[in-house]
Amino acid sequence: MIRKNINVGTDADAAGVSSSVQPSSGGASTWLKAKRLVNFAGLTFIPLFGIWYVELGWRFGLEMYKQVYTMIIVGVVQFLVYMNCPASKKNRKGEEYIPNFLDILLGLTGLAGAFYVAFNWDNIYVLGGFGGSPFQIGLGIAFTLVVLESARRTVGLPLPIVAVAAMAYGLVGNQIPGLFHTAKITLSNEIGYIYLSGVGIFGVAAQTIAETVLAFSIFGCFLQKTNAGRFFLDLSVALVGKMRGGAGKVAIFCSMLFATMTGEPSSNLGIIGPLSLPIMRKMQYDPTFSGAVLAVSSCGSMLMPPVMGAVVFLMGEMTGLGFSAIMIAAVIPAFLYYLSIFMQVDLYSAKNKLARLGKEDIPRLGSVLKEGWYFFIPIIALVYLLLGMHLSAAKAVIYATLVLIAVSVVRKSDREQFLTDLANIFASIGKQTLNTVAVTSCSGIIMAMVTLSGIGLRMSALLTTISGGNLLILAILAAVTIYIMGMGMAPIVSYILMSILVAPALIDLGVPLIAAHFFILYMSVSGFITPPVCLAAYIAGGMVGKSGITVGFRAMRFGIVCYLIPFVCLFAPSLLLVGTVPEILQAAVTAIIGVVLLSAGFEGYLVGETGRIDRICYLTAGFLMFCPGLATDLAGLVLAFVALSVQLLRRRAGEAVL
């Protein structure tokens, strides 16, 4: 039986050390001890304050504006970033980082700047971001610089550069002739709107991260403290281990289960890789193939309901549709995504005659379910609270976390695992939020300037003009733009920018709101496996000892659905459950057939090995089945039927494949 007692959570450095830095072996100085204490307190405060805001404060009549809550979280995060993230890469290796005087000054400026607005919000919000006093504007300039620098320290230069460029455009836009001419905007206007309006640094992006994403991080961290990891692995082996290509399918299925709780490709990959790679190595899978399976499966964590990822929570807010509507719409595309990987692994295994897992390696399904069935209860509870009781995402996940804690302390073995190092779990949750909050705070500067300058409307008009009103051309331009933006920025930043600059142009050409935003989501996710950036492929490549670029190109075949679905949904959003029941059923069934045909074409196998001509026919037929419309569906079916018939006749006659 393949069984490992694992703890997929990570409480390392919970006291406040950057992940690449380890404490020195000698005794810690008094200054270092003080830093660790402050760090631990700050990191622990973040999730506890989030719980208080979502569920406890209002019960005691201590409600507060969401903007005020966000300002407090942002202020604490800014301070902690400077306590833990060195200004130079030279200081990011070696001993645990000790902040210098400048770090402390910048951190305190971030804390004071956010807290000032928070505790004076009743008087500030009536200004609407304009008319701030000289003191407020001066503090706003200092705070904006602190936010830019914290983003640079956490994710690098590209994001701050775009933010500074957006501010510069606002100042000189009135001197630019033509389409990009703006009204005169002063530095005071900019800082007031960025800092004092509640729609800039403390806007919808930061609010979503501080409330909803933080709540889901609490759920995910607690779930990772349990024996759920061992249960999901055993369940995957029991369900698909006996199948053809069982070793690869275990990785896919296990990744899909973890995707329901992680919502982040890198985390999913870090968990699934060590669990499933030994099985694939035992079955002698090609390393590049194994790495590609891991990379693509892990990227599904941003697409697989119910958790999905930070981008989807933000999508629910920015579209006004709510997280529940986004989650429901994501079901069919997520199924097709994993089906594509599943089918290609199956056909690859058949073509290469890979051995199945031995009976001694496969646990009995009944025994596995008996030992851990209750780990599904919190996830089921979460879905019910969201869809059945229509609670807010943050409130629903807090209740689901309580259910999780309850089921995790019933059995002794689970209780021992759950209680291990539990004291640091809240600090670990807080640590996970630092980068995301720092990034979204800086993104708020860009969002504010896009709104204030009106460049969003101008860019949409420009894209529409360049495309000549042709939706396909506009979609290709948008996809290229999204990919380029994704090279240097986190997916959430790319989504924010593209939802402002690109989505309106798509909507103007008749694309439904949800389809336009799903287009941006799927194209952003595809960047994780598309060379040359392909972060997930690089991580997986390191695990299997192969080049990230090589793994990325192989992963693109597995993730073909990630490239097709966004384009298909622009023209016929039935796969997003938009339309009548017959339309949705037709789209789903034909897309499933299309996935099978595409898999056969990519792997060169269906009922037997296929030749080059057969593969071209299957690929063409699969593509036609994906394209919306009865004519393309019928053409795809006919082409697939002819190719399959010829293959079967050739097989009976014993002829060689061409």
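Points worth noting:
- Qualifying residue in the stretch 116-130 (condition: in a helix (DSSP H, G or I) and of a type in the set (Gly, Ala, Ser)): yes
- Residues satisfying the stated conditions in the stretch 392-408, i.e. small (Gly, Ala, Ser) and open to solvent by 10 Å² or more (accessible area, probe 1.4 Å): Ser392, Ala393, Ala406
- Selection from the stretch 275-286 of residues that are of a type in the set (Lys, Arg) and either in contact with a Phe, Trp or Tyr (Cβ under 7 Å, 6 or more places away or on another chain) or open to solvent by less than 10 Å² (accessible area, probe 1.4 Å) (or both): none
- Which listed residue, of Leu474, Leu463, is under 17 Å from Tyr522 (Cβ atoms), touching a residue at least 24 places away in the same chain (Cβ under 8 Å), open to solvent by less than 50 Å² (accessible area, probe 1.4 Å) and in a helix (DSSP H, G or I): Leu474
- Residue that is nearest to Val117 (Cα to Cα), among those in the stretch 192-246 that are open to solvent by 10 Å² or more (accessible area, probe 1.4 Å) and part of a loop (DSSP other than H, G, I, E, B): Ser197
- Residues in the stretch 608-658 that are under 26 Å from Ser349 (Cβ atoms), crowded, with 17+ Cβ neighbours inside 10 Å, of a type outside the set (Gly, Ala, Ser) and under 34 Å from the mean Cα position of the chain (by Cα): Arg615, Tyr618, Leu619, Thr620, Phe623, Met625, Phe626.
- Filter result (surrounded by 12 or more Cβ atoms within 10 Å (Cβ to Cβ), in a loop (DSSP other than H, G, I, E, B) and touching a residue at least 12 places away in the same chain (Cβ under 8 Å)) within the stretch 356-391: Arg356, Leu357, Ile362, Pro363
- Condition check for Val568: aliphatic (A, V, I, L, M), open to solvent by less than 30 Å² (accessible area, probe 1.4 Å) and in a helix (DSSP H, G or I): yes
- Residue in the stretch 222-240 that is more than 17 Å from the chain's Cα centre (by Cα) and under 16 Å from Ser349 (Cα atoms) present: yes
- Scanning the stretch 495-521 for residues that are crowded, with 24+ Cβ neighbours inside 10 Å, over 18 Å from Ala205 (Cα atoms) and modelled with pLDDT under 90 gives a single hit, Ala505.
Matching residues to (1) modelled with pLDDT of 90 or more; (2) of a type outside the set (D, E, K, R); (3) assigned to a helix (DSSP H, G or I):
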{"site": "Lys4", "(1), (2), (3)": "no, no, no"}
{"site": "Trp31", "(1), (2), (3)": "no, yes, yes"}
{"site": "Ile46", "(1), (2), (3)": "yes, yes, yes"}
{"site": "Gly50", "(1), (2), (3)": "yes, yes, yes"}
{"site": "Leu56", "(1), (2), (3)": "no, yes, yes"}
{"site": "Glu63", "(1), (2), (3)": "no, no, no"}
{"site": "Thr70", "(1), (2), (3)": "yes, yes, yes"}
{"site": "Gln78", "(1), (2), (3)": "yes, yes, yes"}
{"site": "Pro86", "(1), (2), (3)": "no, yes, no"}
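- In a residue-by-residue description of the stretch 579-597, the property of being more than 13 Å from Ile332 (Cβ to Cβ), open to solvent by less than 30 Å² (accessible area, probe 1.4 Å), without any contact (Cβ under 8 Å) to a residue 24 or more places away in the chain and assigned to a helix (DSSP H, G or I) applies to no position.
- Residue pairs whose Cβ atoms lie under 8 Å apart, separated by 6 or more positions or on different chains, with the first residue in the stretch 331-350 and in contact (Cβ under 8 Å) with a residue 24 or more places away in the chain and under 23 Å from Met523 (Cβ atoms) and the second of a type in the set (Ser, Thr, Tyr) and buried (at least 21 other Cβ atoms within 10 Å of the Cβ), are Pro333/Tyr522; Tyr338/Ser297; Ser340/Ser599; Ile341/Ser297; Met343/Ser599; Gln344/Ser599.
- Within the stretch 331-341, tally of residues that are among the hydrophobic types (A, V, I, L, M, F, W, C) and buried (at least 24 other Cβ atoms within 10 Å of the Cβ): 1
- Residues within the stretch 287-304 that are free of Cβ contacts under 8 Å to residues at least 60 places away in the same chain and either on the phi > 0 side of the Ramachandran plot or open to solvent by 10 Å² or more (accessible area, probe 1.4 Å) (or both), tallied: 1
- Taking the numbered list (1) within 20 Å of Ser301 (Cα to Cα); (2) at pLDDT 85 or above in turn, Ser197 passes all entries but (1).
- For beta carbons closer than 9 Å, sequence separation of 6+ or different chains, a first residue in the stretch 525-538 that is within 20 Å of Val311 (Cα to Cα) and without any contact (Cβ under 8 Å) to a residue 24 or more places away in the chain and a second that is part of a loop (DSSP other than H, G, I, E, B) and among the polar types (S, T, N, Q), there are no qualifying pairs.
- Residue within the stretch 569-576 that is more than 21 Å from Pro628 (Cα to Cα), modelled with pLDDT under 90 and of a type outside the set (Ser, Thr, Tyr) present: no
- Single residue of the stretch 522-549 satisfying the filter (farther than 21 Å from Phe323 by Cα and among the polar types (S, T, N, Q)) that is surrounded by the most Cβ atoms within 10 Å (Cβ to Cβ): Ser526
- Residues of the stretch 117-140 that are open to solvent by 60 Å² or more (accessible area, probe 1.4 Å) and modelled with pLDDT of 85 or more: Phe119, Asp122, Asn123, Pro134, Phe135.
- Qualifying residue in the stretch 409-420 (condition: open to solvent by 60 Å² or more (accessible area, probe 1.4 Å), more than 28 Å from Phe323 (Cβ to Cβ) and of a type in the set (Gly, Ala, Ser)): no
- Scope the stretch 614-648; condition at pLDDT below 90 and among the aromatic types (Phe, Trp, Tyr); matching residues: Phe626
- Breaking point among (1) under 27 Å from Val439 (Cα atoms); (2) touching a residue at least 12 places away in the same chain (Cβ under 8 Å), for Gly320: (2)
- Subset of the stretch 436-460 that is among the hydroxyl-bearing types (Ser, Thr, Tyr) and within 23 Å of the chain's Cα centre (by Cα) - its residue that is surrounded by the fewest Cβ atoms within 10 Å (Cβ to Cβ): Thr436
- Selected residue [touching a Lys or Arg at 6+ places or on another chain (Cβ under 7 Å), open to solvent by less than 60 Å² (accessible area, probe 1.4 Å) and either part of a helix (DSSP H, G or I) or within 23 Å of Gly322 (Cα to Cα) (or both)] from Ile425, Ile429: Ile425
The values are calculated or read from the model by the stated rules, or taken from the named source; none is laboratory data. Computed from a predicted structure; not experimentally measured. No Cβ is skipped: glycine too gets one built from the backbone with ideal geometry, and neighbour counts run over all protein chains shown. The area values use the complete protein model at the heavy-atom level, side chains included, leaving out ligands, DNA and RNA. Shrake-Rupley method; radii C 1.70, N 1.55, O 1.52, S 1.80 Å.
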